[in-house]
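Peer 1: Would you mind keeping the following structure in view while I ask a few things?
The values are calculated or read from the model by the stated rules, or taken from the named source; none is laboratory data. Note that the structure is predicted; figures quoted are calculated from it, not measured. Positions of Cβ are generated from backbone atoms using ideal geometry, with glycine treated the same way; all protein chains shown enter the neighbour counts. These accessible areas exclude ligands, DNA and RNA; they are computed on the full protein's heavy atoms, side chains included. Shrake-Rupley method; radii C 1.70, N 1.55, O 1.52, S 1.80 Å.
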Amino acid sequence: MNAPLQALNEMQRLTSPFPESIAIKDWKGAGKKVIGWVNPYVPEEIIYAAGMLPFQISGNNEPVQMQGAEAYILSNSCSYIRSCWQLQLDRQYSFLDGLVSSSFCDQDKRLYSVWEYYKKLPFMEIIYAPRKREEAAVQLYLADIEDFRDHLSQFGYRRIPQRDLADAIRIYNRGRELMHQLYELRKRDRPPVTGAEALEVSKAAARLPRDQFNALMEQLLDEIERSGREIKKSRRLMVIGNDVHNATQIAALETLDAVVVVDEMNCGIRYAWGQVDTQLPPMEALARYYVMGRPVDMHNWNSDGRLEFIGEMAEQYKVDGIISEIVRFCTYNGWDKFDLKKQMEARGIPILDIDLEYGHPAGAQVKIRAEAFMEMLESRAS
């Protein structure tokens, strides 16, 4: 039996209890500010360069009862948004000094608007999220994050220097490099970590000071190589769709004879992919990375590149099947369903479509469908 990974245990210890963890209390105890961010078009490097801690607003491994949130946000809205707002209503996010979101989708904008109206924080900002991957989009986004930098500088009572931006970019680039290395190890016939463990690593990256995370990540990779750790499962799965922060949902799939070896999520592969160009001026480099430097996501105007990326990753990681999960009422991920299935059928990769409530454990219906899907994969292999 594979021994627990000590570096991962330390990441989880520092980020517990969620959300006001040991790491948060240490940071706040030093008199420093914490800025929450909601989606992947918020450049964490600018926050970190300001001497503040970027912290991703999300749920975790425990289900959230959302009756209170539904007094503010309709029950047919994305349950990710309702979960985050419920945690705020429950005073779980009282440690935040600010909140930054972007116009990623109508639901993200709704979360920002209710937060601003009912629980306004000392610093609040919403950033433009480009819909196209082109030069005009880079310039629009650059202008907006320059304003963000100015406003955050005023909040912190000092202009964020270029050298601090360059240092933050270097630190975050290193973090992405280390996470990418873990993804490469998962290509092995017997990967060294489960999908649930890999998700816990990504969550820690978005909740810890990045230099602290990097040091633990280096320890983790060294520990993996020294231990010879192997996950011995027959079937290899890919999870795509909305962000999953509840690792029990991934673990439920892995109770079957399967291991999740790769994903296509903002909190997963997209969070670990690419590098900010250190040869460019820092702000321009950030704009180019956040608009064009990562895999295409589902909200881009022409997302054909997203489907191609999914197919390429599925083949590189030798997956037997894809779990396509959608948080209920997320229209963006629903748009690609037909074309996704058609493209994956052409590659010979079967897909299981499931709807989930964000943060809730996988229910009996999901487990039954997953078991049937695994039986189908088994019959294909025999």
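Peer 1: For percent of Cα pairs over 33 Å apart, the listed values are (1) 62; (2) 28; (3) 32; which was obtained by calculation from the structure presented?
Peer 2: Computed from the coordinates, percent of Cα pairs over 33 Å apart corresponds to (2).
Peer 1: Continuing with this model, one more query. With a 1.4 Å probe and all protein chains kept in place, how much accessible area does MET292 have, in Å² rounded to the nearest 10?
Peer 2: It works out to around 80 Å².
Peer 1: Over the Cα atoms of segment 270-336, what Rg and Dmax result, in angstrom?
Peer 2: 14.6, 43
Peer 1: Amide H neighbours of ASN60 under 5 Å, at least 5 residues apart or on other chains, H built in the peptide plane: list them.
Peer 2: Those lying under 5 Å, H to H, from ASN60: there are none.
Peer 1: Averaged per residue, what accessible area in Å² does the chain show with a 1.4 Å probe, protein chains only?
Peer 2: Using a 1.4 Å probe on heavy atoms only, each residue of the chain averages 42 Å².
Peer 1: Let me ask something else. Using amide H atoms built in the peptide plane, which far-off residues or other-chain residues are under 5 Å from ILE127 H to H?
Peer 2: Correct list: SER101, SER102, SER103.
Peer 1: Same structure, new question: Summarise the accessible area of the chain (1.4 Å probe, protein heavy atoms) by the percent that is carbon and sulfur.
Peer 2: Percent of accessible area from carbon and sulfur atoms in the chain: 49.
Peer 1: Let me ask something else about it. Within 14 Å, Cβ to Cβ, of LYS28, how many net charges do the neighbouring residues add up to if Lys/Arg are +1 and Asp/Glu are -1?
Peer 2: Its environment carries a net charge of +1.
Peer 1: Quick one: accessible surface of TYR183, probe radius 1.4 Å, all protein chains present, in square angstrom to the nearest 10.
Peer 2: Rounded to the nearest 10, that gives 10 Å².
Peer 1: A follow-up question, please. With every protein chain in place, what's the accessible area of GLU134 (1.4 Å probe, Å², nearest 10)?
Peer 2: 80 Å²
Peer 1: Which lysines, if any, have their Cα less than 23 Å from the Cα of LYS119, not counting same-chain residues under 8 positions apart?
Peer 2: LYS25, LYS28, LYS32, LYS33, LYS109
Peer 1: Shape verdict for segment 304-371, please, from the Cα gyration tensor: rounded (a/c under 1.5), prolate (a/b greater than b/c) or oblate.
Peer 2: Since a/c reaches 1.5 but b/c is at least a/b, the shape of segment 304-371 is classed as oblate.
Peer 1: How far, in nm, would the chain grow between GLU135 and THR248 when pulled straight, counting 0.36 nm per residue and subtracting the alpha carbon separation?
Peer 2: 36.6 nm
Peer 1: Kindly express, to the nearest 10 degrees and within the range 0 to 90, the angle between helix 79-89's C-alpha long axis and the longest C-alpha principal axis of the chain.
Peer 2: 40 degrees
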